[in-house]
Amino acid sequence: MIPAEAYVPEPGTEVLLNVTVKFKHAQPCPYSDWEIVTENPENVEVINETETELLDPYTAFRQYTVRVLGNGTLDVVFKYGSGCPYGTEERVTIGFYIGQPPEDINLTVTNPEEVLNVTTLNITGIVEEVNLVDRYFVVEGQTIAVRGKWTGPDGAEYNWKDMLLLLHVGDRVEVFASYENGELKADIIIINGQRFVRG
């Protein structure tokens with residue numbers, strides 16, 4: 001679940017939630033009525049959601065756009081299929097906060113890469129620069145860092161360098177990016193209709 005917490009500068013700010021479910025066995029599942037849902041919104045509203053898609057036989061992905069109205073929470077729930085022996089549900093509660101994260105947040109979270117201040121941007125335009133040394137590319141004047149592992153539309157895995165090598169100056173792309181630790185990082189890159197997702 002990315003992010004696990006989100007700090008936004010003001011009410012009305014929208015945040016992208018990326019939900020990834022790793023299955024214990026390959027799909028298709030004999031208990032096929034499993035689903036990913038949101039429940040118990042408090043001071044937030046889900047304003048958009050993608051269809052759940054299988055990135056590969058073991059991985060499902062769904063994305064929600066959430067408008068933060070104030071300090072609040074939202075449950076994201078994976079409901080196991082009827083009769084599944086592995087369990088009934090997995091539930092994660094996401095916290096949303098107006099303002100800056102506390103200075104000691106790095107001491108209180110297990111993975112600060114996935115938490116901290118998250119403000120999401122949707123940038124569509126022409127690639128102006130690709131920098132393999134500093135691991136970023138530029139679209140519409142925005143410098144966007146590429147970090148970590150990625151999953152492509154065919155379920156194949158890519159590292160940050162593979163992703164940058166797919167980008168060329170002059171290409172038109174759509175990017176969903178979020179600020180983490182003051183750096184704008186790509187979460188989703190869409191190239192010629194092909195969707196690549198970080199994580």
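The values are calculated or read from the model by the stated rules, or taken from the named source; none is laboratory data. The structure displayed is predicted, hence computed values, not measured ones. Neighbour counts are summed over all protein chains in view; Cβ atoms, including those assigned to glycine, are modelled from backbone coordinates with ideal geometry. SASA here: full protein model, heavy atoms, side chains in, ligands and nucleic acids out. Shrake-Rupley method; radii C 1.70, N 1.55, O 1.52, S 1.80 Å.
Things to note:
- Residue check, Arg62 charged (D, E, K, R) and buried (at least 19 other Cβ atoms within 10 Å of the Cβ): yes
- Pick from the range 129-182, criterion over 17 Å from the mean Cα position of the chain (by Cα) and open to solvent by less than 40 Å² (accessible area, probe 1.4 Å), ranking: farthest from Phe196 (Cα to Cα): Asn131
- Subset of the range 183-199 (residues that are part of a loop (DSSP other than H, G, I, E, B) and under 17 Å from the mean Cα position of the chain (by Cα)): Gly199
- Residues of the range 28-52 satisfying the condition of being within 18 Å of Asp75 (Cβ to Cβ), touching a Gly at 6+ places or on another chain (Cβ under 7 Å) and in contact (Cβ under 8 Å) with a residue 40 or more places away in the chain: Trp34, Asn43, Val44
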